[in-house]
Amino acid sequence: MMLRNIAKTSNVFAKPKFPEKFKGTILEKWADYWKNLFIDYRQMFQDLRSDVQEQPRKAFIWATGLTTIYALVRNNPKEIDFQDYLKQMSNEVILVSEECLNRKSIEHIRYLNRCSNEGVIHYKNFGIASVIYVTDINDSCDLYKSQCSYLKPTLLSFPSRVIDIGMFGKWWNIYIKTTNYDVNL
């Protein structure tokens with residue numbers, strides 16, 4: 001409906017009537033700019049409407065893809081979400097007796113807490129997904145090992161340092177590993 005209204009609009013900005021004292025000034029240039037911008041967007045919407053009518057399947061695929069990307073970006077978890085979930089799981093584990101705890105879940109939670117306390121957990125946002133990874137040394141550490149370029153981790157070792165991936169508003173590795181934390185296997 002909106003596209004039809006845009007297509008039917010008459011050329012409202014065809015000839016703005018300026019008094020002689022405004023001819024050749026910045027106001028006339030500003031009016032021309034907005035007139036041309038309106039014409040360009042009107043033409044773009046007309047082209048979009050004709051493309052959607054000619055190829056509805058392609059338009060559906062594009063709309064679905066763009067909507068999916070928007071949803072991924074919108075629901076991308078942040079580092080604070082990871083820290084909150086880790087604290088929540090640590091608090092829930094305390095309430096369960098030692099005999100009932102799943103050892104793998106507890107070891108993972110303790111490892112993450114230790115890394116968090118040492119300050120070696122880092123967060124990277126890739127737009128549609130986020131990554132939590134571990135480094136050897138804290139950023140505030142000023143040892144030779146942290147400054148020497150030969151001792152820094154390579155790009156090939158990055159996948160082994162990743163401890164969690166966040167998508168759809170959830171950190172998946174910690175969620176999977178702590179789902180049955182109260183079931184001793």
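Taking θ = phi - 60°, what integer Hz values does the Karplus form 6.51 cos²θ - 1.76 cosθ + 1.60 yield along the range 60-72, in sequence order, with x for Gly and Pro?
So the Karplus estimates, Gly and Pro as x, are 5, 5, 4, 5, 5, x, 5, 5, 5, 4, 4, 5, 5 Hz.
Go through the range 110-116 residue by residue and turn each phi into a ³J(HN,Hα) via Karplus (6.51, -1.76, 1.60, θ = phi - 60°); whole Hz please, and just put x for glycine and proline.
My calculation for the range 110-116 gives 5, 4, 5, 5, 5, 5, 5 Hz in order.
Which residue fluctuates the most in the chain, going by a Gaussian network model with Cα springs under 10 Å, if the choices are Met89, Met44, Met167?
Of the options given, Met44 has the highest mean-square fluctuation.
Name the residues whose placed amide hydrogens come within less than 5 Å of the amide hydrogen of Ile163, ignoring near sequence neighbours (fewer than 5 apart) on the same chain.
Those lying under 5 Å, H to H, from Ile163 are Ile132, Tyr133, Val134.
At most 16 other Cβ atoms within 10 Å and a DSSP loop assignment: could you name the chymotrypsin sites (Phe, Trp or Tyr not before Pro) in the range 29-126 that fit?
Phe126
Longest segment of the chain with no trypsin sites (Lys or Arg not before Pro) in a DSSP loop having at most 16 other Cβ atoms within 10 Å?
Result, exposed sites excluded: 79-185.
When the chain is fully extended, how far beyond the present Cα-Cα distance does Tyr70 get from Arg161, taking 0.36 nm per residue of separation? List each step's numbers first, then the result.
Numbers: separation 91, 0.36 × 91 = 32.76 nm, distance 2.81 nm.
Length difference between fully extended and current span is 30.0 nm.
Which entry in (i) 17.5; (ii) 19.8; (iii) 22.3 matches Kirkwood radius over Cα pairs in Å derived from the coordinates of this structure?
It is the value labelled (iii).
Of the candidates Ala63, Ala31, Ala71, which one comes out as most mobile in a Gaussian network treatment of the chain with C-alpha springs shorter than 10 Å?
Ala31
The numbers here are math on the coordinates, done by the rules we state, and not lab data. Since we're looking at a predicted model, the values are computed, not measured. Backbone-built Cβ (ideal geometry, glycine too); neighbour counts: all protein chains shown.
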